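The structure appears right after this line, and notes come after that.
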Amino acid sequence: MKVLVPVKRVIDYNVKVRVKADGSGVDLANVKMSMNPFDEIAVEQAIRLKEAGKAEEVVVVSIGVKQAQDTLRTALAMGADRAILVQAADDVHQDIEPLAVAKILKAVIADEAPSLVIAGKQAIDNDMNATGQMLAALLGWSQATFASALEVEGDSATVTREVDGGLQTITVKLPAIVTVDLRLNEPRYASLPNIMKAKKKPLDEKTAADYGVDVSPRLEIVSTSEPETRKAGVVVSSVDELIEKLKSEAGVI
Amino acid sequence: MAVLVLGEVVNGALALDATAKTVTAAKSLGDVTVLVMGSGAKSAGATAATLDGVSKVLHADDASLDHALAENAAALIVGLQAATATSVPPATTDAKHLPARGRTSGCHGFVRSDGGG
């Protein structure tokens, strides 16, 4: 069984995000970029399936700018076998929308024929939470989102999903798309020898045009702004004053 | 212009909070139609009809639509989209599981109430 894992290069989760002065987006110039944390969990799960003898090959795919190579090398250092980079943009500020990503992934899947696609449930930069679902729709495959446990047995996968009301366990037929949530596993750190070995692993370079997919945006960003900062409170001197303020200013009693 | 809101049904009852907030958000886009799915969805539909701003409720009563599984439900939504201009699901896990799939199959105008695709 072959497992395909799409990974996205996003702003590092530790970085303090700055909005560009003109409000057109987030400033990504000279900012640390990393693999989307949910995608890291997906890569880890694919590697664990391989280690358990359930999968033969783990292929990682990234769609975006050329620098996404680094993200793919990280996945290779964790233990993936092969990488495919689909260059779809030259500017780091251009976000490739989920539908375009899903279309490119569909074309990649036509070449690679994996039995299972494990993806992160959403990217931490735009929080769309759509690519996996869209890919499942385009392929007509079964889908299991928000996975917190995954068992592959024969031609089906049993997935525990984290839904609002609790946990839901479903069985899906392979081939299937599984998108992973935070509690599925804890991704490993790549060891130095593995980082060195990853440099020699194969990395194919393609472009969006190779797959005939138009990546021009369908959404227009109207504005981007920081959330309002919390206003300072006031110290009241007595209980009476507190009650008075609750009555007159807050209007809660 | 008709707007389709996905009513969130949990164990046969309407999730009132999530659905009501989504209806309020969708009102500004046009006439709101609420869709409820699953076996016994009629009572959930009756609750949805009491919400302010709802002009029509559709209920699809079939066991294949239980548990908010995306594969069957998305096909249903795609069929309905011909009659509606925009679909607005709430930002719940069920609604995130499903409509992105429906939208891709139907390629339609789509707004999730948390702003995602």
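The values are calculated or read from the model by the stated rules, or taken from the named source; none is laboratory data. The model shown is predicted, which means the values in this text are computed figures rather than measured ones. Neighbour counts are summed over all protein chains in view; Cβ atoms, including those assigned to glycine, are modelled from backbone coordinates with ideal geometry. Remember, those area values only see protein heavy atoms, side chains included, never the ligands or the DNA or RNA. Shrake-Rupley method; radii C 1.70, N 1.55, O 1.52, S 1.80 Å.
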Exercise. Peptide A:124-137: average number of partner chain Cβ atoms within 10 Å per residue?
Worked result: 6
Seminar exercise, completed: Quick calc: nm separation of the 7 Å Cα→Cβ label points for A:L167 and A:Q67 -> 3.9 nm
Problem set entry | Calculated FRET value between A:D155 and A:S223, using beta carbons and R₀ = 41 Å, to 0.05 | 0.30
Exercise. Region A:54-84 to region A:176-200: how many Å between their Cα centroids?
Worked result: 9 Å
Problem set entry | Per-pair calculated FRET efficiency, R0 = 35 Å: A:E244 and A:R183 via Cβ, rounded to 0.05 | 0.15
For this session: Provide a whole-number value for the mean count of partner chain Cβ atoms within 10 Å of the Cβ atoms in peptide A:159-171.
Result: 3
Seminar exercise, completed: Listed by chain and number, the aspartates and glutamates with an alpha carbon less than 16 angstrom from that of A:K54, same-chain partners under 8 positions apart left out, are A:E44, A:D81, A:E151, A:E153, A:D155
For this session: State log₁₀ I(q)/I(0) for region A:114-209 at q = 0.10, 0.13, 0.14 Å⁻¹ as given by the Debye formula over alpha-carbon point scatterers of equal weight, solvent excluded.
Result: -0.35, -0.58, -0.67
Exercise. Based on the alpha carbon coordinates of chain A, what radius of gyration and maximum Cα-Cα distance (Dmax) apply, in Å?
Worked result: 21.8, 74
Exercise. Mind listing the phi-derived Karplus ³J(HN,Hα) values for region A:220-231, rounded to whole Hz, using 6.51, -1.76 and 1.60 with θ = phi - 60°, and x for any glycine or proline?
Worked result: 10, 7, 7, 7, 10, 9, 6, x, 4, 7, 6, 7
Problem set entry | chain A: angle of helix A:37-51 to the longest principal axis, Cα-based, in degrees nearest 10 | 30 degrees
Seminar exercise, completed: Between the modelled labels at A:D210 and A:K106 (7 Å from Cα along Cα→Cβ) the distance in nm is 2.0 nm
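Considering only Cα-Cα distances, which of the following residue pairs are longer than 23 Å: A:K66/A:K201; A:K121/A:K206; A:K50/A:K200?
A:K121/A:K206
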Exercise. For the residue pair B:S39 and B:A75, what label-to-label distance in nm results when each label sits 7 Å from Cα along the Cα-to-beta-carbon direction?
Worked result: 1.8 nm
Exercise. Top to bottom by accessible area (1.4 Å), largest first, where do A:K199, A:K16, A:K121, A:K103 land?
Worked result: A:K16, A:K199, A:K103, A:K121
Exercise. So which of A:K247/B:K56; A:K231/B:K96; A:K103/A:K173; A:K173/B:K21 end up more than 30 Å apart, counting from Cα to Cα?
Worked result: A:K247/B:K56; A:K231/B:K96; A:K173/B:K21
Exercise. In what order, largest first, do B:H67, B:H59, A:H93, B:H97 sit by accessible area if the probe radius is 1.4 Å?
Worked result: B:H67, B:H59, A:H93, B:H97
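Using only the heavy atoms of the protein chains and a 1.4 Å probe, how would A:V60, A:V235, B:V9 rank by accessible area, largest first?
The residues order as A:V235, B:V9, A:V60, largest area first.
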Seminar exercise, completed: Here the net charge surrounding A:A149, from other residues whose Cβ is less than 11 Å away from its Cβ (Lys, Arg +1; Asp, Glu -1), is -1
Problem set entry | A:I109 accessible area, 1.4 Å probe, all protein chains in place, Å² to nearest 10 | 10 Å²
Seminar exercise, completed: Taking a label point 7 Å from the Cα of A:H93 along Cα-to-Cβ, the residues of region A:9-39 whose backbone nitrogen sits under 14 Å from it are A:18-31
Seminar exercise, completed: Treating only Lys and Arg (+1) and Asp and Glu (-1) as charged, each at its beta carbon, one finds that the protein assembly as shown has a dipole about its Cα centre, in Debye to the nearest 20, of 580 debye
Exercise. Got a number for the accessible area of A:F146? Probe 1.4 Å, square angstrom, nearest 10.
Worked result: 0 Å²
Seminar exercise, completed: With the dipole of region A:69-207 defined by +1 on each Lys or Arg Cβ and -1 on each Asp or Glu Cβ, the option from A:Q133, A:V172, A:G79 whose Cα lies farthest towards the positive pole is A:G79
